[in-house]
Amino acid sequence: QVQLVESGGGLVQPGGSLRLSCAASGTIFSIYVTGWYRQAPGKQRELVAQLTSDGRTNYADSAKGRFTISRDSAKNVYLQMNSLKPEDTAVYYCRWYRLGMDYWGQGTQVTVSS
């Protein structure tokens, strides 16, 4: 069982930056995938970035060059968000998954507006 808690969201102006954090508790396995997803009102949840336990990353086209996913342990994953745009406004969720297991955090709101 894994519990995930996101933090770091808030209101930021276009062009600004935020750093989201995801803290995990519970049993963590050696092989896993972590990721960040977002969901805007009335839209589907979409992948933003993912990071495997062996350090491989993947980004949505909209995030490439602006967002960076990283970790300092299996229990702490981050999303650095730079050059934010209004279309980045959404609830951001972290995810931890592997074969037979899939966990989501409660989400943190990111609002990009003047």
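The values are calculated or read from the model by the stated rules, or taken from the named source; none is laboratory data. The structure presented is a predicted model; accordingly, all values stated were derived computationally and were not measured. Cβ: placed from backbone, ideal geometry, glycine included. Neighbour counts: every protein chain shown. SASA here: full protein model, heavy atoms, side chains in, ligands and nucleic acids out. Shrake-Rupley method; radii C 1.70, N 1.55, O 1.52, S 1.80 Å.
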(request) Can you spot the lysines whose alpha carbon is less than 25 Å from LYS85's alpha carbon? Ignore those fewer than 8 places along the same chain. (result) LYS43, LYS64
(request) For the stretch 1-67, calculate the relative contact order in percent as a whole number, restricting contacts to Cα pairs under 8 Å that are 6 or more residues apart. (result) 22 percent
(request) Using Cα pairs closer than 8 Å and at least 6 residues apart in sequence, work out the relative contact order for the chain, in percent. (result) 37 percent
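For ARG56 and THR111, calculate 0.36 nm times their separation in residues minus their Cα-Cα distance, and state this gained length in nm to one decimal.
Values: separation 55, 0.36 × 55 = 19.80 nm, distance 2.82 nm.
Extra length from ARG56 to THR111 when fully extended: 17.0 nm.
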(request) Just tell me which aspartates and glutamates come within less than 19 Å, Cα to Cα, of LYS75; anything on the same chain fewer than 8 places away is out. (result) GLU6, ASP54, ASP102
(request) Whenever you get a sec, compute what percent of the accessible area on the stretch 58-97 sits on carbon and sulfur atoms (1.4 Å probe). (result) 46 percent
(request) Mind giving me the nanometre distance, one decimal, between the label points for VAL5 and LEU99, set 7 Å out from Cα along Cα→Cβ? (result) 3.2 nm
(request) Report in % the part of the accessible area of the stretch 1-46 that belongs to carbon and sulfur, leaving out ligands and nucleic acids; probe 1.4 Å. (result) 51 percent
